[in-house]
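Worksheet: the structure to be examined is printed underneath.
The values are calculated or read from the model by the stated rules, or taken from the named source; none is laboratory data. Keep in mind the model is a prediction, meaning the values are calculated, not measured. Glycine gets a Cβ as well: all are built from the backbone with ideal geometry, and neighbour counts include every protein chain shown.
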Amino acid sequence: MEGISVNLISGRTAVQGQNLDSKLSDEYFGEVARCDLNGADMEKLGVAKDDRVKVTSAYGQVVVRVDQDDGVLAGMAFIPMGPWCNAVVDGDTNGNGMPSFKGIDATVEKTTEPILSVAELMRTYMA
């Protein structure tokens, strides 16, 4: 199945904020290793809640679970800030110490590839 083109954005979530002191917990993993899509886009991809998707941008790719959020406009995708999002954003901070987490051209496609743990994901950065 082909992927869909999206405008990727990121930000923090309330649940993520509650788990900032436990970034290796299952709760944190479940909150940030995900991509929220509009139901219409999920239907185009042939995915359901908790299926895995691969998000690819000019900066990298990452596998995360998908969740439906109809507050996300069709043609957009949201990945909470964190290690998985960092895999697909530009590392250049333009001198301000913070990469741009908004307006990233990306594709999302259904996959059977595994979602990497934080440790596994960090190892890919060192390769």
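Cβ-Cβ distances below 6 Å connect the following pairs, each with a first residue in region 58-87 that is farther than 19 Å from residue 111 by Cα, a second residue that is hydroxyl-bearing (Ser, Thr, Tyr), and a separation of six or more residues or different chains: 80/13; 81/10.
Within region 54-89, being closer than 11 Å to residue 10 by Cα and in contact with a Cys (Cβ under 8 Å, 6 or more places away or on another chain) holds for 77, 78, 79.
Checked against the criterion of being under 14 Å from the mean Cα position of the chain (by Cα), in a loop (DSSP other than H, G, I, E, B) and modelled with pLDDT of 95 or more, region 93-105 has no qualifying residue. Under the condition of being assigned to a strand (DSSP E or B) and either among the charged types (D, E, K, R) or out of contact with any Gly (no Cβ under 6 Å at 6 or more places or on another chain) (or both), the residues counted in region 44-80 number 17. Across region 1-45, the qualifying residues are those that are at pLDDT 75 or above and out of contact with any strand residue (DSSP E or B) (no Cβ under 9 Å at 6 or more places or on another chain), and the one among them that is surrounded by the most Cβ atoms within 10 Å (Cβ to Cβ) is 31.
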